[in-house]
Amino acid sequence: MGNTDASRRWVLRVSALAMVLTTVAACTNSPISSAPSADSIGMIRETDQGTALTIPAMWAAKQSDGSIVGGIEPAEVLVAVKGDGQFTVDLSTIESRGAGPQWEAATAQAAAVGTLLSASDPSKIDLGFTITGPIDGPSAGGLLTVGVLAAINRDPLLPHVTMTGTISPDGSIGAVGYVPTKVAAAAQAGYTTIVVPSGPIQVTNADGSTQPLAEYAATLGVRIIPVRTVNEAYKELTGSAYVPIPAVPVVASPQSGAAITATTRTMLARLTAAITTAPTGTDEQAIARARSAIPRMKAAMAKGEWDRAYGLGAFSYLRLARESGAARVESTLSTSGIVKAEIELRAATTAALQDAIEARDSAIDSTPLLLEKALDLPGALGWATYAIASYRGILLELDQPNDKAALIAAGRVLAEESAGVKDMLPDALQVLNAMPSRTSITAEELRSFLAGYSVLLRSAGQANTDYLAALIARSWVADGTVSDDGLIGANQVLQSSASNVTPGSATEALAQCADALTFYVVSNGLVSGHQAYAITGTSSSHWTSPVPLAIDSAVDTGAATIEAYGAILRARGLTVGYPLWSSRWGRAAALEYRGRAEATDSGWLALNETWYDAVSMFMVNAKTQS
């Protein structure tokens, strides 16, 4: 895929709660392959171009008079096995037929997640998509992902079954809108089973009364099956199990367990010290949270709940670091003014940037050529790669006119990311390096394999950025407004610095894959934060979401997916200590604060850990299965 195509063709995941598929006037441009037809839905077909599968995508649209209509859109997935070393996704056909950016987003994200889940080497397959007419919306993402997986595995779909739901990087199925309309349209088209996102869905009747979706669907002769993950959806749509959830969780090896215990004790000491050294003016809520975490950490450690203890400490420590950074900038502003504060911020950010680069390079240089450790490293390096991008984003913002609020936000980001590099990264590397990996990999194998995943992840991140820019009508240009979480600045830097140069060595490949993975995670965070969870809140206030259950479900299902892949890899004799630990402590922190003021903050931290960990698991699975 050329650079231009990468920016034009790829768009990443959106989990819109009220976004739906909409249709517009038909186009007549010729597709790359013949248009899919309703007669071929669910069938695996071998063509000159590859393996094709037509899926029944559900849509709903609001008309000009306010009424809602729905239907089924045949969409074709085409998988071609190639050996040119470049993973490509051809969306030119759906573009020529008028697919909107939301549909392209769902399609490209399905390509990325489907390839990751399939254990395919992305450098050896190409994907193409075709539709019969113009369509838009993200709510077919889950079905498209199942379609990609089914086409790769050559599994036909069961008759009279369809699905609606968005897709996320870890394979979670997200909520969509206008489900009753889609169900009615599918029933009219002869479908008797409909897979939907898990969660309560109520139908409002004409008289104003409500009833559960399943009861409404039963009156139409339709059975509703709620699912949380692609794995569950795949079984319902194909009849074949994909990845079973393990009955017994994987237990960490003694080596990994010792490292987890040591890092948890270090986190306890670190948090205790951070409380005593917090500068005057630090947000009292952050200090109180940190203080309350200390006895809970100790209690969890006494019970052997090391993941929970570390999650408690990590969340409190990072949030305290944020507010300590804000207090330092506020102190400088009050005593020395905005010019002095900006000068100090620029110097501190420049120094922190150099430290992060050195930490990243040192970790890469010291990683042995052992498969699990090498493939898990890009995820562990997220603490450094995100910090590097955030620091560069801050420096870009400081080149523009700034106000006090922007400088305080920059202080928060700088302090939190510095804690990530100085403390969280060493913890991650300690657990990763403790894994008793025995599977070797040559430098050339590693270089080639990671190069393919870098293309996949980088392209997905770029297209997600393009989609979000169109969605919120904002260009990714520094304007002096520092986002409080640093995501916008980091994403801008990752977008501009993403390398399309084929790596010449294993170390270059590791660095590129780490950047590409972080770009993927950050761009997904921007989209899901705006759409799926509508996260709001800045400065010292907690971030909030009007749909906390959606975040909770994503955290839980993502963790379940990682546990499933962990069991599969362990059964092959592979080590999975680091990504399992990272996912577990992230979810433990989310569970600890679920239903409280910190729920969105802690859930967001867990989701980001989950996305990194999921890709790590998928890469190890792909390399060892192939």
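Values quoted throughout were computed directly from the atomic coordinates according to the rules given, and no laboratory measurement underlies them. Predicted model, so just to flag it, every value in this text is computed and none were measured. Neighbour counts are summed over all protein chains in view; Cβ atoms, including those assigned to glycine, are modelled from backbone coordinates with ideal geometry.
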Open item on the list: Apply the Karplus curve 6.51 cos²θ - 1.76 cosθ + 1.60, θ = phi - 60°, to the phi angles in the stretch 599-610 and return the couplings in whole Hz, x for Gly and Pro.
Closed with: 4, 5, 4, 6, x, 5, 4, 5, 4, 5, 4, 4
Task: ³J(HN,Hα), Karplus 6.51/-1.76/1.60, whole Hz, each residue of the stretch 270-285, x for Gly, Pro - done: 5, 5, 4, 5, 5, 5, 6, 9, 4, x, 4, x, 5, 3, 5, 5
TODO: Sequence neighbours fewer than 8 away in the same chain don't count; with that in mind, list the lysines whose C-alpha is under 18 Å from Lys62.
DONE: Lys182
TODO: Could you order peptides 297-306, 323-332 by the average number of other Cβ atoms within 10 Å of their residues, highest first?
DONE: 323-332, 297-306
- [ ] For Lys340, list the aspartates and glutamates whose Cα falls under 19 Å from its own Cα; do not include residues on the same chain fewer than 8 positions away.
- [x] Glu330, Glu397, Asp399, Asp403
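Using the 10 angstrom Cβ neighbour count as an exposure proxy, how do Arg594, Arg228, Arg572 rank, fewest first?
Numbers: Arg594 17, Arg228 22, Arg572 12.
Lowest to highest Cβ neighbour count: Arg572, Arg594, Arg228.
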TODO: Give the cross-link partners of Lys623 among the lysines, using a straight C-alpha distance below 29 Å as the criterion and excluding same-chain residues fewer than 8 apart.
DONE: Lys82, Lys124, Lys235, Lys373
- [ ] Grab the other residues whose beta carbon is less than 15 angstrom from that of Val250, score K and R as +1, D and E as -1, and report the net.
- [x] -1
- [ ] Show the residues, 5+ positions off or on another chain, whose built amide H is closer than 5 Å to the amide H of Val203.
- [x] Gln211, Leu213
Task: Built amide H within the under 5 Å cut-off of Ala57, gap 5+ - done: Glu73, Ala75
TODO: Using amide H atoms built 1.01 Å from N in the peptide plane, name the residues 5+ places from Asn500, or on other chains, whose amide H lies under 5 Å from its own.
DONE: none
- [ ] Place the peptides 392-402, 360-370 in order of packing, highest mean first, counting for every residue the other Cβ atoms within 10 Å and averaging per peptide.
- [x] 392-402, 360-370
Task: Rel. contact order, % - alpha carbon contacts under 8 angstrom, at least six apart, the stretch 254-625 - done: 20
TODO: Would you kindly derive the ³J(HN,Hα) couplings of the stretch 389-395 from the backbone phi angles with the Karplus curve 6.51 cos²θ - 1.76 cosθ + 1.60 (θ = phi - 60°), listing them in order in whole Hz, with x for Gly and Pro?
DONE: 5, 5, 4, 5, x, 4, 5
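For a quick protection proxy, order the peptides 210-218, 180-188 by their average other-Cβ count within 10 Å, most packed first.
By packing density, highest mean first, the sequence is 180-188, 210-218.
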